[in-house]
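The values are calculated or read from the model by the stated rules, or taken from the named source; none is laboratory data. Given the structure is predicted, the values throughout are model-derived calculations rather than measurements. Cβ coordinates were reconstructed from backbone atoms using ideal geometry, including for glycine residues, and neighbour counts include every protein chain displayed. Note: areas computed on protein heavy atoms with side chains; ligands, DNA, RNA excluded. Shrake-Rupley method; radii C 1.70, N 1.55, O 1.52, S 1.80 Å.
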Amino acid sequence: MAKGESRKNARAPKRSGSSPKQAALEQFRVSADGEHLTTDQGLRINDDQNSLKAGDRGPSLLEDFILREKITHFDHERIPERVVHARGAGAHGHFQVYQSLSRYTKAKFLQDPALRTPVFVRFSTVAGSRGSTDLARDVRGFAVKFYTQEGNFDLVGNNIPVFFIQDAVKFPDLIHAVKPEPHNEMPQAASAHDTFWDFISLMPESMHMIMWVMSDRAIPRSLRMMEGFGVHTFRLVDERGTSRFVKFHWKPALGVHSVLWDEALKISGKDPDFQRRDLWEAIESGAFPEWELGLQIIEEKDEHTFEFDLLDPTKLVPEELVPVKRVGRLVLDRNPDNFFAETEQVAFHPGHLVSGIDFTNDPLLQGRLFSYTDTQLIRLGGPNFHEIPINRPVAPVHNNQRDGHMRQTLDVGQSSYHPNSLGGGCPMQAGRRLGGFVSYPEAIDAEKQRARGEKFFDHFSQATLFWNSQSATEQGHIVQALRFELGKVDGLAIRERMLGMLAQVDKDLAGRVSEGLGMAVPARVDGPLNLSVPADRDPKEFQPRRFKQRIERSRALSMADTVKDTAKTRKVAILAADGVDGTAVAGMQRLLKAAGAQSKVIAPRLGALTGARGQAVPVDWSLLTVGSVLFDAVYVPGGDKSAEALAAEASAVLFVREAFKHCKAIAASGAGVGLLAAAGIMEDSPAPAESPSGRGKSSPAANDDAIVVGTDAQLESIAQAFIQAIARHRNWSREAKAQRVPA
Ligand code: HEM
């Protein structure tokens with residue numbers, strides 16, 4: 001790179017360039033290209049290889065300020081990881097509303113369809129440490145910082161619309177229970193252990209969330225393929241001061257898709273960075289992830305018309321009762337320049353609001369409002385973390401907050417208090433019309449008490465609703481997840497209590513889980529079910545009860561009907577060896593690319609293969625370094641020698657078997673069909689077409705439209721059917737049969 005040429009020009013083209021946030025960040029970006037090495041004081045360094053010593057074999061000298069500075073800085077490089085949501089990945093982008101929402105809110109960024117509001121989004125898992133695997137079974141954080149012209153608005157949500165607990169006072173208990181156990185710090189990034197299930201088995205309010213966390217929603221295929229939810233009920237407030245309740249949703253353009261638990265376990269070994277890599281690569285390649293913002297708006301007068309309490313974060317508002325209006329678009333189009341400076345130091349807070357949006361009395365939200373700044377004070381080392389570039393609003397900041405560790409602003413003038421006359425009364429308070437924030441004047445006339453609303457105690461109805469809304473495949477996965485999780489629990493009493501709790505959700509569910517555990521569902525559940533009873537109170541008051549529900553099923557809760565019309569950004573492995581049909585490889589690559597999918601050539605070794613007609617076929621990865629779990633689909637091109645070599649290669653056979661087991665799309669042309677036969681995933685008869693390799697007759701497993709085979713000449717039609725199968729994500733109807741395939 002030429003001296004002085006900026007490194008940032010060397011990577012993919014930068015987007016979000018015109019955003020005010022990017023313009024503000026630009027002054028902090030530093031490139032060392034073409035520059036000399038210096039100390040932190042700007043002194044050029046002559047020798048960065050040797051410390052200063054008394055003679056070439058003598059002791060190091062205390063005088064060596066260069067050595068001391070370098071090592072001191074290194075010694076202090078780590079900051080505490082987030083107490084929860086430590087593992088994450090972030091990206092920049094923008095948000096734009098489709099039409100003015102001035103009918104509902106005075107928030108300016110929701111009023112002007114021409115306005116692009118810059119955002120920074122951080123996705124995360126909750127329980128694991130910063131270095132843990134991306135594929136833990138866990139809730140995913142979905143935190144969005146909108147840098148609006150009226151200040152930062154943070155929508156700090158999750159990919160699941162409800163939460164484990166109803167009251168913030170239980171949050172430390174929940175997190176202590178799910179984190180590694182305190183005596184031996186095991187297991188990492190996993191809920192499958194005694195303390196978690198001990199707590200859950202005593203907390204019936206968590207059952208709705210448990211259903212979601214045991215579903216495949218907790219193992220997303222990609223951060224780009226998950227929904228987001230604000231969870232709590234918030235308020236939108238219009239110019240006249242009218243308030244309406246609102247639930248925030250993010251709906252992904254690519255639909256909601258997940259991996260299987262068996263895949264998740266294997267991905268964790270093959271590529272623990274699978275999801276952050278997927279996000280990074282999608283953005284670098286220009287396939288920008290997109291979501292629509294959805295709102296469920298509820299008039300204040302309707303607050304008490306539901307069979308659940310809008311303030312209860314363990315309940316959702318079914319879309320059948322209040323439809324989701326899609327009001328705007330979020331696009332992520334720029335990766336961070338520096339993980340630590342941006343993704344690690346970003347500080348979200350549900351209390352970062354703009355005028356036009358306000359809180360409700362959800363007791364979980366209220367506790368969160370305290371927690372975030374409090375934890376960030378220690379995580380980021382003092383009260384000035386709002387000055388870190390990623391956290392700075394694009395709106396001007398003026399107040400009388402002063403000093404503290406690492407203060408960067410040079411506040412000029414004599415006064416740092418209000419009211420003042422020496423500073424001309426500045427900074428001034430802003431009237432409502434000038435954007436001054438006024439809390440929604442909710443009328444409250446109540447006794448102080450430690451209590452919850454009556455409907456909070458319906459702990460099971462929506463858990464049952466979720467279970468009933470799942471497809472048979474999804475239900476099967478929930479049963480398996482519970483068998484796995486409870487199977488890792490040593491305490492038999494805990495398992496038994498959990499079976500009793502599941503029986504409250506659905507008897508069939510409990511029965512199926514109990515079968516896997518080799519235990520009976522307790523005939524009578526020992527009361528009280530809810531042990532979180534305050535001292536001196538009657539446990540009867542705190543026992544779960546059911547309110548009559550208006551709906552029994554909600555399609556929006558199942559992933560079965562999600563977007564399944566695109567193969568965009570899906571990853572396809574092309575298995576090849578020397579002698580491969582290079583024309584088929586190139587043809588399939590071209591057709592996949594045209595459909596927006598990506599393909600990689602995987603072979604027994606790296607380098608270039610020699611194709612059947614002598615052409616060079618470059619290899620992307622060797623079979624040693626990847627596995628089919630890192631891909632959405634597999635294609636095996638023709639070429640007799642290649643197919644024979646692959647059939648003799650156990651890792652290639654396993655590759656195809658695993659893809660079959662995980663219900664993925666598989667295609668083969670010409671002699672490539674032989675590998676499918678070698679993997680045992682073809683049926684012997686009847687055969688629709690002569691096996692091109694001449695090895696006899698074979699056909700795809702019956703009724704499996706996600707296995708596409710044909711002759712070398714049929715490449716175009718194979719590709720077409722293959723791409724459609726990829727778009728459908730998985731062929732779940734194969735699952736029962738696939739379980740019999742050893743992989
Ligand atoms: C009383 C309940 C809760 C408490 C006390 C709490 C507390 C915390 C704390 C201390 C952090 C680390 C923040 C940091 O170090 O910067 C955090 C992060 C986070 N929390 Fe919560 N949390 C609660 C409930 C929730 C709920 C219900 C949601 C979802 C709606 C949620 C979503 C998140 C997300 C997404 C992050 C990660 C933010 C990031 O990417 O930096 N939390 N929470």
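For this structure, a couple of remarks:
- When residues of the stretch 354-371 are limited to those that are more than 23 Å from the chain's Cα centre (by Cα) and open to solvent by less than 30 Å² (accessible area, probe 1.4 Å), the one farthest from the ligand (Cβ to nearest atom): Ser355
- Among (1) exposed (fewer than 13 other Cβ atoms within 10 Å of the Cβ); (2) touching a residue at least 40 places away in the same chain (Cβ under 8 Å); (3) under 23 Å from Tyr147 (Cα atoms) - the single one Phe95 does not satisfy: (1)
- Residue list for the stretch 128-142, restricted to those being open to solvent by less than 10 Å² (accessible area, probe 1.4 Å) and either farther than 25 Å from Leu482 by Cβ or within 13 Å of the ligand (Cβ to nearest atom) (or both): Gly128, Val139, Arg140, Gly141, Phe142
- Contact annotation: residue pairs with Cβ atoms under 8 Å, 6 or more positions apart or on different chains, pairing a residue in the stretch 338-351 that is more than 12 Å from the ligand (Cβ to nearest atom) with a partner that is among the aliphatic types (A, V, I, L, M), are Ala341/Ile388; Ala341/Ile390.
- Among residues that are within 16 Å of the ligand (Cβ to nearest atom) and surrounded by fewer than 24 Cβ atoms within 10 Å (Cβ to Cβ), Ile165 is included.
- Taking the criterion of being under 15 Å from the mean Cα position of the chain (by Cα) and crowded, with 20+ Cβ neighbours inside 10 Å, the residues of the stretch 284-317 that qualify are Pro289, Trp291.
- Residue under evaluation Glu81, criteria (1) over 30 Å from Thr373 (Cβ atoms); (2) within 13 Å of the ligand (Cβ to nearest atom); (3) of a type in the set (Asp, Glu), criterion not met: (1)
- The set of residues in the stretch 86-102 being touching a Phe, Trp or Tyr at 6+ places or on another chain (Cβ under 8 Å) and either within 16 Å of the ligand (Cβ to nearest atom) or assigned to a loop (DSSP other than H, G, I, E, B) (or both) consists of Gly88, Ala89, Gly90, Ala91, His92, Gly93.
- Scoring Ile210 on the criteria (1) aliphatic (A, V, I, L, M); (2) part of a helix (DSSP H, G or I); (3) touching a Ser or Thr at 6+ places or on another chain (Cβ under 9 Å) leaves a single failure, condition (3).
- Exactly one residue out of Asn420, Asn400 is away from the ligand (no atom under 11 Å from the Cβ) and open to solvent by 40 Å² or more (accessible area, probe 1.4 Å): that is Asn400.
- Residue within the stretch 59-77 that is under 30 Å from Val178 (Cα atoms) and either in contact with an Asp or Glu (Cβ under 6 Å, 6 or more places away or on another chain) or away from the ligand (no atom under 16 Å from the Cβ) (or both) present: yes
- Of all residues in the stretch 105-122, exactly one satisfies the criterion of being surrounded by 24 or more Cβ atoms within 10 Å (Cβ to Cβ) and assigned to a loop (DSSP other than H, G, I, E, B), namely Thr105.
- Tally of residues being closer than 28 Å to Trp212 by Cβ, open to solvent by 10 Å² or more (accessible area, probe 1.4 Å) and part of a loop (DSSP other than H, G, I, E, B) across the stretch 318-342: 6
- Just so you know, in the stretch 568-593 the residues that are in contact with a Gly (Cβ under 7 Å, 6 or more places away or on another chain) and under 22 Å from Leu675 (Cβ atoms) include one that is most open to solvent (accessible area, probe 1.4 Å), and it is Asp581.
- Unique match (being closer than 29 Å to Glu307 by Cβ and touching a His at 6+ places or on another chain (Cβ under 9 Å)) among Ala443, Ala463, Ala472: Ala463
- Odd one out for Thr125, checked against (1) away from the ligand (no atom under 16 Å from the Cβ); (2) open to solvent by less than 10 Å² (accessible area, probe 1.4 Å); (3) of a type in the set (Ser, Thr, Tyr): (1)
- Tally of residues being in a loop (DSSP other than H, G, I, E, B) and not small (Gly, Ala, Ser) across the stretch 179-207: 13
- Here Pro172 passes the criteria (1) near the ligand (Cβ under 9 Å from one of its atoms); (2) surrounded by 19 or more Cβ atoms within 10 Å (Cβ to Cβ) except the one numbered (2).
- For the stretch 227-245, a residue qualifies if it is more than 14 Å from the ligand (Cβ to nearest atom) and out of contact with any Gly (no Cβ under 8 Å at 6 or more places or on another chain), and the qualifying residues are Arg235, Glu239, Arg240, Gly241, Thr242, Ser243, Arg244, Phe245.
Residue-wise test of (1) closer than 30 Å to Val322 by Cβ; (2) touching a residue at least 24 places away in the same chain (Cβ under 8 Å); (3) among the charged types (D, E, K, R).
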| position | (1), (2), (3) |
| --- | --- |
| Gln475 | yes, yes, no |
| Gln504 | yes, yes, no |
| Val513 | no, yes, no |
| Arg524 | no, no, yes |
| Ala535 | no, no, no |
| Gln543 | yes, yes, no |
| Arg550 | yes, yes, yes |
| Arg553 | yes, yes, yes |
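- Residue match in the stretch 404-414 (condition: part of a helix (DSSP H, G or I), open to solvent by 60 Å² or more (accessible area, probe 1.4 Å) and at pLDDT 95 or above): no
- Any chance Val489 is part of a helix (DSSP H, G or I) and closer than 25 Å to Met186 by Cβ: no
Residue-by-condition table, conditions (1) open to solvent by less than 10 Å² (accessible area, probe 1.4 Å); (2) more than 29 Å from the chain's Cα centre (by Cα):
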residue	(1), (2)
Thr464	no, no
Ser471	no, no
Gln475	no, no
Ala481	yes, no
Glu485	yes, no
Glu496	no, yes
Gly500	yes, yes
Asp508	no, yes
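- Among residues of the stretch 150-178, those that are assigned to a loop (DSSP other than H, G, I, E, B) and in contact with a Ser or Thr (Cβ under 8 Å, 6 or more places away or on another chain), counted: 6
- Residue within the stretch 374-383 that is within 9 Å of the ligand (Cβ to nearest atom), more than 17 Å from Phe248 (Cβ to Cβ) and surrounded by 20 or more Cβ atoms within 10 Å (Cβ to Cβ) present: yes
- So Ser102, is it in contact (Cβ under 8 Å) with a residue 24 or more places away in the chain, hydroxyl-bearing (Ser, Thr, Tyr), open to solvent by 10 Å² or more (accessible area, probe 1.4 Å) and under 30 Å from Pro187 (Cβ atoms): no
- Neighbours by Cβ (under 9 Å, 6+ apart or cross-chain): first from the stretch 105-132, under 26 Å from Ser439 (Cα atoms) and small (Gly, Ala, Ser); second in a strand (DSSP E or B) and away from the ligand (no atom under 16 Å from the Cβ): Ala107/Thr148; Ala107/Leu236; Ala107/Val237
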